[in-house]
1. For segment 98-110, what does the Karplus curve 6.51 cos²θ - 1.76 cosθ + 1.60, with θ = phi - 60°, yield as ³J(HN,Hα) per residue in whole Hz, taken in order and with x for Gly and Pro?
2. Find how much the distance from LYS171 to ASN137 grows on full extension, using 0.36 nm per residue of separation minus their present alpha carbon separation; answer in nm with one decimal.
3. First select every other residue whose beta carbon is under 10 angstrom from the beta carbon of LYS264; then total the charges, Lys and Arg +1, Asp and Glu -1.
4. What shape does segment 229-291 have by the C-alpha gyration tensor, where a ≥ b ≥ c are the square roots of the eigenvalues, rounded means a/c under 1.5, and otherwise prolate means a/b greater than b/c and oblate the rest?
5. To make sure I understand the rule: partners must be aspartates and glutamates, Cα under 13 Å from the Cα of LYS285, and not fewer than 8 residues away in the same chain. Which ones qualify?
6. Multiply the residue separation of TYR204 and LYS64 by 0.36 nm, subtract the distance between their alpha-carbon atoms, and state the gained length in nm to one decimal.
7. Along the positive direction of the dipole of the chain (beta-carbon charges: Lys, Arg +1; Asp, Glu -1; about the Cα centre), which of LEU282, THR246, ASN94 reaches farthest?
8. Give me the lysines in straight-line cross-link reach of LYS141: C-alpha distance below 17 Å, same-chain residues under 8 apart excluded.
Amino acid sequence: MILDYETILRKIIDKSGLSKTDVEAKIKEKQIQLQDLISKEGAAHIISNELGIKLFDETPQTLKINNIQVGLNSVNLSGKILNIYETRSFQKNNRSGNIGSLLIGDETGTIRIVIWDENLIKLIKEMKQGDIIKIMNGYSKQNNNGFKELHLGGKSQILINPEGEKIQEIKITQISSRKKIKDLNNPGFAEVFGTVVDIFEPKYYNSCPICSKKLFPELDKFKCQEHGITIPKKTPVLNIYFDDGTGNIRAVLFREQAEKLMNKKENLDELKKEARGKQLLLKGKVTKNEMFNRMELVVNNLEEPDPKEIIAELENQ
Ligand SMILES: [Zn+2]
């Protein structure tokens, strides 16, 4: 796009607050300085740069979810938060950090947002389901399940409920790795929607209150390799049988996930009363238990869908 001299002049005057005479003098001066090698327009461009004035509207186009291609940089996107997943920590090659993730949707689809930047991860606490977020400067990737994701790093930004942003009806396109229990034959990530059919006596272990890792007794104290001597937190592990009509699987729930389902009931009978028959969406890792030669689901996220979602799920089956 080429702007004519008058347009540039007007923009500089408007945005700098300088008078027309002053701006024109600066432009003339620049032309003289460059020995008339450039046009008036060219000199005006340089002046606007020097004054830090943007001549073009540089707001990149905000994309809709179904327009996102794999491999895009600086993606801007607005969407409604459909789900906030638990922030996970990772340790890899002496690097450690956290990964936050969300599912957002707009009128054209849904996409998972993967957040690497610690400041943005902190911001997740201020978000809730149904909030509209505006994302700036994300980059798109494809995950192992073949779905597109938008990743956010240090250059990315998130605005929560920015004024004027509206999302109409959400089009659900990507329930990611939703699987039927009968198909869980290979290790990997899976989401299963089904019913708790049985529950086993919860077991407890001592975990570090900071990093949640298992603690081992040392003399009469408990020590975390990373955090030293700490006061152990009694942490549950819960095994359940989970059935989705196509089959059943033993699911293992740790910590928060177990606590969510147990809802403060420790007695097995009470717990059975509480949890049996509950319809849940479990997400986690399918692993093979070699000892018993069976597949198990190690749950890292447990959700109780609201009734509307349950109906939609059942209609999809
Ligand atoms: Zn620790």
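Read-outs throughout are calculated quantities, based only on the coordinates presented, and are distinct from any laboratory measurement. These numbers were taken from a predicted model, which means no experiment stands behind them. With ideal geometry, Cβ positions are generated from the backbone for all residues, glycine too; neighbour counts draw on all protein chains shown.
1. For segment 98-110, the Karplus-derived couplings read 10, 10, x, 8, 9, 10, 10, x, 9, 5, 10, x, 10 Hz, x marking Gly and Pro.
2. 9.9 nm
3. -3
4. oblate
5. In chain and number order, the partners are GLU191, GLU296.
6. Here the answer is 45.8 nm.
7. Selected residue: ASN94.
8. Cα-Cα hits under 17 Å: LYS64, LYS155.
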